Amino acid sequence: MTEADPAAPPESGLALRGITKRFGSLVANDRIDLDIRPGEIHCLLGENGAGKSTLMNVLYGLLTPDEGGIFVDGAPVLVRNPKEAIAAGIGMVHQHFMLVEVFTVAENLVLGREGSAGFLSMRKARRTVRELSERYRFDVDPDAVVEELPVGVQQRVEILKALANDAKFLIFDEPTAVLTPQEIDELMVVMRSLRDEGKAVVFITHKLREVREIADRITVIRRGAVVGTADPTEPEGRLAELMVGRAVSLVVDKQPTERSATPRLSLQGVSVANAGGQVVVEDLDLDVHGGEIVCVAGVQGNGQSELADALLGTLPVTTGTVTLDGARISGRSPKEIIDAGLGFVPEDRQHDGFVGSFTVAENLVLNHFDETPFARGIRLDLARIRGNADERVGEFDIRTQGIDTPVSALSGGNQQKVVLARELSRPLAALVASQPTRGVDVGAIEFLHKRLVAERDRGTAVLIVSTELDEVAALADRIAVMYRGRIVGVVPPDTSREALGLMMAGVPTEEALAAAAAAHRGAADDGVPAGEDLT
Amino acid sequence: MSTATTPPAGPGAGEEATPPTGPAPATGAPRTAAGPARRFPWTDVVTTVAAFVLAFLVGAVLMIVSDSDVRSKFAYFFARPSDALAASADKVGGAYGALLAGSLGGVGPITETTAQAAPLICAGLGVALAFRAGLFNIGGQGQAILGALLAAYVGFTLHLPPGLHLLVAIVAGLVGGALWGGLVGWLKAVAGAHEVIVTIMLNYVAAGLLAYLLTTTAFQRPGRTDPISPIVDWNATFPRLAGTQLHLGFVVALLAAVVVWWLLERSTTGFAIRAVGANPHAAATAGMSVARTTIITMALAGALAGLAGVQAALGPSASGLPVPLSAGIVGSIGFDAITVALLGRSTPLGTVLAGLLFGALHAGGLAMQSVAQTPLTLTTALQALIVLFVAAPALVTKLVPFVRTRKAHTSGPVPQGGLAS
C-alpha cells in the first residue's frame, strides 16, 4: 500500500483494500475494495457463492486473506481472529445463531467475557441487556431462556451480544433467511435504529426486495469481485442483472394449461401428528389436479412441514386418506410412495435432501439407486450412474467441478438443482416441493421456477409449500392458505398481499378479502382482484 | 514414490480456470471439466507416519524411564553423560531391534505377523463396516466369541471330508457372529436400544455363555474337569504353508477385505449403508429403510467379527497343531479391532494395513520380551500411543512443523475419524 494510492482508506469508518482470498485454484475474493461508513446501511448483494461470506469471514478474522488489508478510521488493523475483530469494533450477527440455547439472554451476553477473576457479574449483564434493549427498542427480557424465544427475538440477542462488545460495525450475514415476513419488518426497524445511532450496518443478502427497502448504498459482488455499486432506487431487474451478470426475468412465464379432470393428488380429512404426538394438521381436504400448481402459503410452523412429510410417508397420517392417481398412498412406506410416482423436495435440503459427503452422481440417484437402470441385482452399475449424472448436470446446468465432487462443496442453488434434477428425472404423478428456493440465489431461482412450471405443463400435479409470498404469487395456479393445521381458504393467485397476509393470520377468507378490498378502496379506486372463493 | 504426484493446486484444468487477473464475463462457471479426481491423501499419510514416529519416541522415553539399570546411569549423568546415553541407546535400540526382527526379520517372523494380523483384520472390518453406517460396534468381542464357539463346535463334533469340513465350520462361525450382531441391529431398529450399550452387554453374555458351555457335556473334553473342549479336527483347521506360520486364514481375511470393499463401493447394500451412515435423514427421505439397513449392517459386521473368532478357533497353533476351545480363545481381538478400524479410517484397505501393523506389533512384542527383556505391555502402550496420535491429528501438526506446512498446501476436508455417530 503506497502513500499515493488514490484509493487510500477514508478517515472514518471501516475500509477493505485489495482483499484477495484463494482456496486452491479458486479465487473466492479478488482484490476487493469496500468502504463502510458510520451511520449507513450498506448492502452487500451477491449470489450464493459470489464470495460475500468469504469476505465477511475475512473481516471477522475467521479467514486470513492472502493479500490486502483492513483499515479502521484510516489506520490499518490486524484481524487474525474474532477476538481481534471484536477489539477493532466489528460485530457479527451470524445466520446460524451462536447462542447457548439453554442459557438466559443475560447469560449468553456474559459468555466469553466471564472476567479474569472468575466472577460472573450477572447483575451487570442484566443491566446491559435492559439498557441496550431500551435504547434500540429491542424489547428483550434479560432473564428469558433463549430456546423459548421466537427466532426473531433470538436474532436480537445476537445483535445485543455484538452491541455489548461496543461494536461500531455490525455485519448481518443473511439475517432474513430464517425470519417470517413480520419478523423481517421488525428487523428492518432494528437496523434503522442502529444506523440512526451512528453504527455502520453491513447487510449481506441476495434478496432484492429487502435491499431496495433498506439500503443506503449497495455494493454488488459477483464471482469474488466487486462489479459495481448501485443506488437503492434502481429497479429490481437492474440489480438482478448486476448480480447475476445477465438479464434475469423475475416474472415466471406461465402459459395456461389443461387441468386434468380428476385430481391426481387428493387429500381427504387428513390429520397428522408431529413427532411429539401433537396434532399439527387437522382434517385437511385438498385436491391437486394434473397440470396445476397449488401453493400452500402460511407462516412457518402452521403444519405445512408436517403435511409435506406425511405426504411422503415419513410422518404417519393419523386419520384420513391420501390418494395418488386414485390409489391410496397414506399408510405406505416412503419407498412405496416414491415408487408410486411422488416426487419430493424437502424443506431442509441440507438435512433431508442430500447426503453432503456423497458425490453429485451418487446424490442424483439417491432414491432410485437400487432400480433397473442403475443396479443389477445388488451390483451398482457405476457407468450408468455416471452417465445419468453427466446428463442431469448438463440439463439442469449444475455448476460443479465434476460429477465426483461432494454435493456439500456446491452452492445452495446448485445443491437444490441436484435435488430437483433427481426428482424430475423420473415420471411423476405429483411433485411436493417445500420451500423450493429457500437460500437460493436469483439466477438459480429463475431456473428452478421454470423447471417447476415445466413439470406442471407435463401434466404433473405440483404442490408447493412456501412462506415467500413473492414465490407463491409467481408460481401458483391456486393458493391454499394454511393456519394452525387447517386450510383457511383456497384463493386465486391474483389475490392481494394484504388479503393473503390476513388469511395467514387466521382471518376467514371472506372477511380477509373484504377487509383488504376496503383498505384498497380507501387508498385508490384501482381494480381490486376479484378474489372469489374457489373452495 | 516421487512419480506422478501433481501438486494440490494442480494445473490440470488449464483452460477452464479463470485467471486471477481480469474476471472473464463468461456466464458459465467452470463445470464438469476434468475436475481433480479423488486425490491421494498425502496429508493423511504424512500425519499417520508422523504419529508413528512420535509414538515410538514416547515409547523410547517410557523404556528408558522404566528400566532401573538405565535410570541408575542417569544418576551421574552430569559426571559422565556418555554412560547414560549409551545405556539408553542400547536399551532402546535393542528393544526396537527385537521388535523389528520379531515381526519382519525373515520368513518366520513375517508369517507370524500375518497369522497375528488375520483375526485383527476380520474383526477390524466388522467394526469399520458398522462405523460406515454410523454404528459404533463395541461388540466385536462377543461376536468373535460366538463365531469361535460355533466354528469350534462344528470343528470337533462333526467329522466331514477335507475341505467341506473347514467350509461348514467357517459358515457356522459366520452365522454365529451374524446372529449376535444382527440381534443388536434388530434391538436398535425395533426398540431404539443404543448399540453401544447392547454390544457391551452382549460381550459379557457371550463370555459367560462360553464359560458355561465349556462345563457342559456337549463341549467339555471327556475326562477333563477344567473348562476345555476337544481339539478341532485336522480337516477343520486352516491348512498351513509348510515351515511357516502363514495359513489359509490370512487369505480368507484378505478376501473378506475385498468383499467388504466391493460391498461398500459397488453394491446397492453398501450405498444404503454409506447413505444411512452419512445422513440418515436424507436416506430416509429418499425412501431407504434406516431400520433395515441397521439390521443388515450389524449382521454383516457381526459375521466379520465372527470370522475373527473362526480364525482363533480354526487357526493352527504356533507349533502347527489344531487347538481346542477355551475361555480365552479370542483374547482381546474384539477390542483391538476398534483401534484397528480407527487407525484404518474405516476403509477396507486401511483396516488391512492397520491389522498388519498391529499383527507386527503383536509378533514383534513377543520377540522383544524374550530377546530384549522389555515387557510385552510396552507394545500395548505403543499401540495406544499410535492410536492416540492418529486420532488427534491436530496434536501431530502442532508437534511436527513439517506436517503443518504440508497441510497448508492441501485444503481438503478433514478425514473422518470414524467415531461419527
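Scan the range B:242-251 and give yes if some residue there is assigned to a loop (DSSP other than H, G, I, E, B), in contact with an Asp or Glu (Cβ under 8 Å, 6 or more places away or on another chain) and of a type in the set (S, T, N, Q), otherwise no. Give the steps one after another, and end with the answer.
Kept after step one, since they are assigned to a loop (DSSP other than H, G, I, E, B), are these residues of the range B:242-251: B:242-246.
From what is left, the residues that are in contact with an Asp or Glu (Cβ under 8 Å, 6 or more places away or on another chain) are B:245.
Now narrow it down to the ones that are of a type in the set (S, T, N, Q): B:245.
Scanning the range B:242-251, I find at least one residue that is assigned to a loop (DSSP other than H, G, I, E, B), in contact with an Asp or Glu (Cβ under 8 Å, 6 or more places away or on another chain) and of a type in the set (S, T, N, Q), so the answer is yes.
Would it be correct to say that residue A:339 is more than 28 Å from residue A:490 (Cα to Cα) and in contact with a His (Cβ under 7 Å, 6 or more places away or on another chain)?
When the stated conditions are applied, residue A:339 does not pass them.
So how many residues does the range B:142-165 have that are under 18 Å from residue B:200 (Cα atoms) and touching a Pro at 6+ places or on another chain (Cβ under 7 Å)?
Number of matching residues: 0.
Just for the range B:265-322: of the residues that are in contact with a strand residue (DSSP E or B) (Cβ under 7 Å, 6 or more places away or on another chain) and touching a residue at least 24 places away in the same chain (Cβ under 8 Å), which one is surrounded by the fewest Cβ atoms within 10 Å (Cβ to Cβ)?
Among those that are in contact with a strand residue (DSSP E or B) (Cβ under 7 Å, 6 or more places away or on another chain) and touching a residue at least 24 places away in the same chain (Cβ under 8 Å), it is B:320.
Somewhere in the range A:446-454, is a residue among the basic types (Lys, Arg), more than 14 Å from the chain's Cα centre (by Cα) and closer than 21 Å to residue A:477 by Cβ?
Of all residues in the range A:446-454, those among the basic types (Lys, Arg) come to A:450-451.
Narrowing the set further to residues that are more than 14 Å from the chain's Cα centre (by Cα) leaves A:450-451.
When the remaining residues are screened for being closer than 21 Å to residue A:477 by Cβ, the result is A:450-451.
Yes, the range A:446-454 contains a residue that is among the basic types (Lys, Arg), more than 14 Å from the chain's Cα centre (by Cα) and closer than 21 Å to residue A:477 by Cβ.
Please work out if residue B:175 is part of a helix (DSSP H, G or I), farther than 24 Å from residue B:311 by Cβ and either basic (Lys, Arg) or assigned by TED's automatic domain parsing to the domain that holds residue B:293 (or both).
Spelling it out, it is not the case that residue B:175 is part of a helix (DSSP H, G or I), farther than 24 Å from residue B:311 by Cβ and either basic (Lys, Arg) or assigned by TED's automatic domain parsing to the domain that holds residue B:293 (or both).
Filter the range A:343-358 down to the residues that are within 7 Å of chain B (Cβ to nearest Cβ) and either under 19 Å from residue A:389 (Cβ atoms) or out of contact with any Pro (no Cβ under 9 Å at 6 or more places or on another chain) (or both) and list them by number.
Hits for the range A:343-358 are A:346, A:351, A:353, A:354, A:355, A:356, A:357, A:358.
Taking residue A:368 as meeting all but one of (1) assigned by TED's automatic domain parsing to the domain that holds residue A:491; (2) part of a loop (DSSP other than H, G, I, E, B); (3) crowded, with 19+ Cβ neighbours inside 10 Å, write down the number of the exception.
Only one criterion in (1) assigned by TED's automatic domain parsing to the domain that holds residue A:491; (2) part of a loop (DSSP other than H, G, I, E, B); (3) crowded, with 19+ Cβ neighbours inside 10 Å is unmet by residue A:368, namely (1).
Out of (1) in contact with a Ser or Thr (Cβ under 8 Å, 6 or more places away or on another chain); (2) of a type outside the set (A, V, I, L, M, F, W, C); (3) at the interface with chain B (Cβ under 9 Å from one of its Cβ atoms); (4) assigned to a helix (DSSP H, G or I), what's the single condition that is false for residue A:400?
(4)
Only one of (1) assigned to a helix (DSSP H, G or I); (2) within 25 Å of residue A:207 (Cα to Cα) is not met by residue A:29, so which one is it?
Condition not satisfied by residue A:29: (1).
Only one of A:495, A:437 is within 17 Å of the chain's Cα centre (by Cα), of a type in the set (S, T, N, Q), buried (at least 23 other Cβ atoms within 10 Å of the Cβ) and in a loop (DSSP other than H, G, I, E, B). Can you tell me which?
Working: A:495 fails: within 17 Å of the chain's Cα centre (by Cα).
Within the list A:495, A:437, the selection yields A:437.
Look at residue A:131 and say whether it is more than 22 Å from residue A:43 (Cβ to Cβ) and over 22 Å from the mean Cα position of the chain (by Cα). Let's see the steps before the verdict.
Values: more than 22 Å from residue A:43 (Cβ to Cβ): yes; over 22 Å from the mean Cα position of the chain (by Cα): yes.
It is true that residue A:131 is more than 22 Å from residue A:43 (Cβ to Cβ) and over 22 Å from the mean Cα position of the chain (by Cα).
Table: residues versus (1) part of a loop (DSSP other than H, G, I, E, B); (2) within 24 Å of residue B:337 (Cα to Cα); (3) under 19 Å from the mean Cα position of the chain (by Cα); (4) modelled with pLDDT under 90.
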site	(1), (2), (3), (4)
B:91	no, no, no, yes
B:109	no, yes, no, no
B:115	no, yes, yes, no
B:122	no, yes, yes, no
B:125	no, yes, yes, no
B:130	no, yes, yes, no
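Residue under question is residue B:253, and the condition is that it be away from chain A (no Cβ under 14 Å) and out of contact with any Gly (no Cβ under 7 Å at 6 or more places or on another chain); does it hold?
Working: away from chain A (no Cβ under 14 Å): yes; out of contact with any Gly (no Cβ under 7 Å at 6 or more places or on another chain): yes.
The answer is yes for residue B:253.
Among the residues of the range A:404-432, what is the count of those that are modelled with pLDDT under 95, away from chain B (no Cβ under 11 Å) and in a strand (DSSP E or B)?
Looking only at that region, the number is 0.
Return the only residue of A:170, A:120, A:132 being outside any strand (DSSP E or B) and modelled with pLDDT of 85 or more.
Only one candidate qualifies: A:132.
Taking the range A:316-327 as the search range and keeping residues that are of a type outside the set (D, E, K, R), more than 25 Å from residue A:276 (Cβ to Cβ) and touching a residue at least 40 places away in the same chain (Cβ under 8 Å), which one is nearest to the other protein chains (Cβ to nearest Cβ)?
Once the filter is applied, the top-ranked residue is A:324.
Would you check which residues across the range A:477-492 are of a type in the set (Lys, Arg) and either closer than 22 Å to residue A:292 by Cα or assigned to a strand (DSSP E or B) (or both) and list them? Talk me through it step by step, then tell me what you get.
Taking the range A:477-492 as the starting set, the residues that turn out to be of a type in the set (Lys, Arg) are A:478, A:484, A:486.
A:478, A:486 - these are the residues of the range A:477-492 that are of a type in the set (Lys, Arg) and either closer than 22 Å to residue A:292 by Cα or assigned to a strand (DSSP E or B) (or both).
Kindly indicate the residue of the range A:143-157 that is surrounded by 21 or more Cβ atoms within 10 Å (Cβ to Cβ) and not polar (S, T, N, Q) and also farthest from residue A:197 (Cα to Cα) among those meeting that condition.
Among residues in the range A:143-157 that are surrounded by 21 or more Cβ atoms within 10 Å (Cβ to Cβ) and not polar (S, T, N, Q), the one farthest from residue A:197 (Cα to Cα) is A:157.
Can you find a residue in the range A:328-342 that is away from chain B (no Cβ under 13 Å) and part of a strand (DSSP E or B)?
Our first condition is that a residue be away from chain B (no Cβ under 13 Å); within the range A:328-342, this holds for A:328, A:330-331.
Keeping just the survivors that are part of a strand (DSSP E or B) gives A:328.
Yes, there is a match, as at least one residue in the range A:328-342 is away from chain B (no Cβ under 13 Å) and part of a strand (DSSP E or B).
What is the one condition in (1) in contact with a helix residue (DSSP H, G or I) (Cβ under 7 Å, 6 or more places away or on another chain); (2) away from chain B (no Cβ under 14 Å); (3) of a type in the set (A, V, I, L, M) that residue A:87 does not satisfy?
The failed condition is (1).
Matching residues to (1) under 22 Å from residue B:399 (Cα atoms); (2) surrounded by fewer than 18 Cβ atoms within 10 Å (Cβ to Cβ):
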position: B:55; (1), (2): yes, no
position: B:58; (1), (2): yes, yes
position: B:70; (1), (2): no, no
position: B:89; (1), (2): no, yes
position: B:97; (1), (2): no, yes
position: B:102; (1), (2): no, no
position: B:109; (1), (2): no, no
position: B:116; (1), (2): no, no
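Give just the number: which of (1) within 9 Å of chain B (Cβ to nearest Cβ); (2) surrounded by 17 or more Cβ atoms within 10 Å (Cβ to Cβ) does residue A:361 not satisfy?
Of (1) within 9 Å of chain B (Cβ to nearest Cβ); (2) surrounded by 17 or more Cβ atoms within 10 Å (Cβ to Cβ), only one is false for residue A:361: (1).
Is it the case that the range A:199-207 has a residue that's assigned to a helix (DSSP H, G or I) and either over 28 Å from residue A:301 (Cα atoms) or free of Cβ contacts under 8 Å to residues at least 12 places away in the same chain (or both)?
Let us first name the residues in the range A:199-207 that are assigned to a helix (DSSP H, G or I), namely none.
No.
The values are calculated or read from the model by the stated rules, or taken from the named source; none is laboratory data. The structure presented is a predicted model; accordingly, all values stated were derived computationally and were not measured. With ideal geometry, Cβ positions are generated from the backbone for all residues, glycine too; neighbour counts draw on all protein chains shown.
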